[in-house]
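Structure record follows, encoded as structure tokens.
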Amino acid sequence: RRCTGTAMGNVAFSYRDLGRHEDALAMEKKALEFNRLVFGDAHPAIGRGHVRSDTLYVLCECNS
């Protein structure tokens with residue numbers, strides 16, 4: 001279970017590196033939701049997920 005959220009985050013970064021920012025943001029949001037279900041809201045992975053989502057959101061806004 002724990003590796004699934006990490007793998008989803010890695011896919012999001014791959015999308016980002018390919019310039020597919022909207023896909024990256026969508027995948028990062030799914031990873032964040034998954035991690036929240038597995039770990040709960042107080043886990044550090046949730047904070048990291050929010051930072052990554054915010055960064056991807058900015059990339060989407062800058063490229064639109």
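Can you tell me which residues in segment 9-26 are open to solvent by less than 40 Å² (accessible area, probe 1.4 Å) and out of contact with any Leu (no Cβ under 6 Å at 6 or more places or on another chain)?
Hits for segment 9-26 are GLY9, ALA12.
Just to be sure before I move on: is ALA45 assigned to a helix (DSSP H, G or I), free of Cβ contacts under 8 Å to residues at least 40 places away in the same chain, within 14 Å of GLY5 (Cα to Cα) and among the aliphatic types (A, V, I, L, M) in the structure I sent?
When the stated conditions are applied, ALA45 does not pass them.
Please specify each residue of segment 31-57 satisfying the condition of being basic (Lys, Arg) and loosely packed, with under 15 Cβ neighbours inside 10 Å.
If the condition is that a residue be basic (Lys, Arg) and loosely packed, with under 15 Cβ neighbours inside 10 Å, then ARG48 is the only one that fits.
The values are calculated or read from the model by the stated rules, or taken from the named source; none is laboratory data. These numbers come from a predicted model, not from an experiment. Neighbour counts run over all protein chains shown; Cβ positions are idealised from the backbone, glycine included. All accessible areas refer to the heavy atoms of the entire protein, side chains included, with ligands and DNA or RNA removed. Shrake-Rupley method; radii C 1.70, N 1.55, O 1.52, S 1.80 Å.
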